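Just so it is clear, none of the values below were taken in a lab; they were calculated from the coordinates. Owing to the predicted nature of the structure, the values given are computational and were not obtained by experimental measurement. Reconstructed Cβ throughout: ideal geometry from the backbone, glycine too, with neighbour counts over all protein chains shown.
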């Protein structure tokens, strides 16, 4: 293969061995001017082919690792209890919920639809909140104003709310010249409220304090 003007990299890829092994095997081969010229011409093609094969191998390795991790995660988590859901939601609220006195109601903020949906299910299943008391407000850049109906319908359908439970959207007026690839799939930041939920907010803050006192050193 080497005498035919095939590169070390390509031979290694074809034989499934290291480049150093091929280099060792071929060290005594002296190429003629014609063979060397053929090798020079083929190096570009061989290198690109080798890159493509290597990329495919690495991509498959990554997919295999992800698949194993997914199976591992599902086996570890298995079925989540009500108490575990409470702990998960408490941690999320600690990170993304309203905690200051400037807000008198429970409010959870995030752009991840799955996280918002999880919090909604927690409020209903664990905290006993009624669906009709849940309200949704959306914050999004004004460049999305032309598709705001689609945005609001997305959250309405995801959370199974009525139009009366969707507040008027808040548009951010920051100008941007960048064109985002996910423009048509972006649905802004969702603020999930619960009506008349001052006491519920205090309960969430109490849960956070309970978690901190249980885990963190005093």
Query raised in the report: Can you work out the FRET efficiency for the pair residue 100 and residue 163, with r the C-beta to C-beta distance and R0 = 25 Å, to the nearest 0.05?
Result: 0.25
Query raised in the report: What number, rounded to the nearest 500 deg cm²/dmol, is the helix-based mean residue ellipticity at 222 nm of the chain, given -39500 (n - 2.57) per DSSP H run of at least four residues and division by all its residues?
Result: -18000 deg cm²/dmol
**Report entry** Per-residue Cβ neighbour rank within 10 angstrom, fewest leading, 25, 72, 155
**Finding:** 72, 25, 155
**Report entry** Spatial separation of Cα centroids for region 63-140 and region 199-218, in angstrom
**Finding:** 16
Requested in this report: Mind pulling up the Rg/Rh value for the chain? Radius of gyration and Kirkwood radius, both on Cα.
Outcome: 1.27
Report summary line: Mean Cβ-within-10 Å packing, highest first, puts peptides 5-13, 114-122 in the order 5-13, 114-122
**Report entry** Average silhouette area of region 119-216, convex hull of alpha-carbon atoms, in square nanometres
**Finding:** 8.6
Requested in this report: Can you tell me how much longer the chain between residue 38 and residue 59 gets when fully stretched, taken as 0.36 nm per residue apart minus their C-alpha distance, in nm with one decimal?
Outcome: 4.4 nm
**Report entry** Antiparallel content of DSSP bridges confined to the chain, in %, to 5
**Finding:** 75
Report task. Between residue 209 and residue 71, take the C-beta separation as r, use R0 = 41 Å, and let me know the FRET efficiency to the nearest 0.05. Result -> 0.65
